[in-house]
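Notes for the one structure printed next.
The values are calculated or read from the model by the stated rules, or taken from the named source; none is laboratory data. From a predicted model like this one, the values you see are computed outputs, not experimental measurements. Cβ placement follows ideal geometry from the backbone for every residue including glycine, while neighbour counts extend to all protein chains displayed.
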Amino acid sequence: MPRHSHPPAGFRPVPRTGVIYVMTEAARHGYTPTDPDWANLGQGAPETGPLPDAPPRVDTIEVRPDDHEYAPVDGLPELRDAVAALYNARYRQGRRSRYTRDNVAISAGGRLALTRLVSTLGRTNVGHFLPDYTAYEELLDAFGTFVPIPVPRDPARAYAFYEAELRDEILGRGLSSVLLSNPCNPTGRLIAGRDLSRWVQTCRELGTTLILDEFYSHYVYGVDQLTVSAAAEVEDVDEDPVVIIDGLTKNWRYPGWRVCWTIGPRSIIEALGSAGSFLDGGCARPMQRAALPLLERSWADAEARALQRQFRRKRRVMLEGLEALGIVVDPPPQGGFYCWGDVRHLPGPLSDGMGLFRAALEEKVIVVPGAFFDVNPGSRRPERQSRTHHHVRFSFGPSLSVIERGLAGLARVIGR
């Protein structure tokens, strides 16, 4: 994996995470976001414009006199109430135990929410899955207070991972917590229904904290649920060791707002407030207030339905296009907006993710090499042991026209 030159004395080398590295290299090849000749299939954000039958996009944010003051570190009480109300309405109808503001913390983006969370972990073993979100790599190595334990998912089984395997990993490796994205970034594998219920039950029985990054939980395909969340499987919101992270970035298509929430037992939420007091100081007041109407259930559900219609169409175009190019996507994504493509059958250097990435830049197409998702905190494993270097993540987050332009560019690369 590429690394930067050594920094001045007193500092350690800090590599760029996958997408940031990719975009930096693209910029060196002349990429700018407004250049219509480029196709960014490495994009980690959804298209943010209007969609048919979706609620109107917010284009004005009011700033009040009190917005010039600090917001509470754990978030505005009214926004915490709104988050709790949405989760109760969606997932906890008729349940005795319900979320309140004491179960919600607000932060300025998902990475910061995860940073707060891992900063509170003690000297324990923390399981993380392979492959998974690239930012986990540095995040799991930054504080040094716990041991990150990799848990590989088998590509030969389409990255399925079941409750019995989870139980074996927890007991065999002494895991006090496990972290994963669901749906998975990059494979699109989704844990839902009975499988998700069994995961929560296992963690409840064994006292292992289940930390779920649910930022793509509105992008689900082939299930009879509008959205998927472990909140539906929690018995007692203050006792079950389940922590959920989500926000406006993906599911509401407002990545620039940097408004995120963490939901879990109040003891964990209190610890996150303490961590936020020295890590970041809290999220901006105007953005939190502007988020309030977006969390009304009617608005949130209408947005989810609209984006699913749009993204199902783009998913089909991407899958058909990659198949025509000889790129294998197995499994087709059950969630999220990425296709995890196996490129080993492409000719010559294109059979390696980094090779295809560099060749695609010459045709003004951006993709993300799979090696970045082989989460390796502290680089404890040699890079040549990676199982993901024959893969590439292709995003169908951008508009359909960008996707079609990108597929045409990839066809030219392979045709050469």
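Key figures for this structure:
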| read-out | value |
| --- | --- |
| Number of the exception - residue 401 against (1) crowded, with 20+ Cβ neighbours inside 10 Å; (2) part of a helix (DSSP H, G or I); (3) of a type outside the set (Phe, Trp, Tyr) | (1) |
| Residues that are surrounded by fewer than 18 Cβ atoms within 10 Å (Cβ to Cβ) and within 19 Å of the chain's Cα centre (by Cα), drawn from segment 325-339 | 331, 332 |
| In segment 35-87, residue nearest to residue 335 (Cα to Cα) [restricted to those that are of a type in the set (S, T, N, Q) and surrounded by 18 or more Cβ atoms within 10 Å (Cβ to Cβ)] | 43 |
| Some residue of segment 375-393 being surrounded by 15 or more Cβ atoms within 10 Å (Cβ to Cβ) and of a type in the set (Asp, Glu) | no |
| Looking only at segment 97-128, and only at residues there that are under 13 Å from the mean Cα position of the chain (by Cα) and either part of a strand (DSSP E or B) or aliphatic (A, V, I, L, M) (or both), the one that is farthest from residue 189 (Cα to Cα) | 112 |
| Residue in segment 345-357 that is assigned to a loop (DSSP other than H, G, I, E, B), among the aliphatic types (A, V, I, L, M), assigned by TED's automatic domain parsing to the domain that holds residue 39 and under 20 Å from residue 32 (Cβ atoms) present | no |
| Residue check for residue 243: at pLDDT 95 or above, closer than 20 Å to residue 85 by Cα and in contact with a strand residue (DSSP E or B) (Cβ under 6 Å, 6 or more places away or on another chain) | yes |
| Any hit, segment 340-352, residues being surrounded by 21 or more Cβ atoms within 10 Å (Cβ to Cβ) and closer than 25 Å to residue 246 by Cα | yes |
| Some residue of segment 68-89 being free of Cβ contacts under 8 Å to residues at least 12 places away in the same chain, farther than 30 Å from residue 387 by Cα and of a type in the set (Phe, Trp, Tyr) | no |
| Looking only at segment 364-407, and only at residues there that are farther than 19 Å from residue 35 by Cβ and basic (Lys, Arg), the one that is modelled with the highest pLDDT | 393 |
| Of residues in segment 291-319 being surrounded by 18 or more Cβ atoms within 10 Å (Cβ to Cβ) and touching a Ser or Thr at 6+ places or on another chain (Cβ under 9 Å), the one farthest from residue 410 (Cα to Cα) | 300 |
| Residue 146 vs. criteria free of Cβ contacts under 8 Å to residues at least 40 places away in the same chain and out of contact with any helix residue (DSSP H, G or I) (no Cβ under 7 Å at 6 or more places or on another chain) | yes |
| Which numbered condition residue 380 fails, given (1) within 24 Å of the chain's Cα centre (by Cα); (2) within 20 Å of residue 45 (Cα to Cα); (3) basic (Lys, Arg) | (2) |
| Residue 217 among the polar types (S, T, N, Q), surrounded by fewer than 17 Cβ atoms within 10 Å (Cβ to Cβ) and in contact (Cβ under 8 Å) with a residue 24 or more places away in the chain | no |
| Failed condition for residue 294, given (1) in a loop (DSSP other than H, G, I, E, B); (2) of a type outside the set (Lys, Arg); (3) closer than 18 Å to residue 47 by Cα | (1) |
| Any chance residue 57 is in a loop (DSSP other than H, G, I, E, B) and in contact with a Gly (Cβ under 9 Å, 6 or more places away or on another chain) | yes |
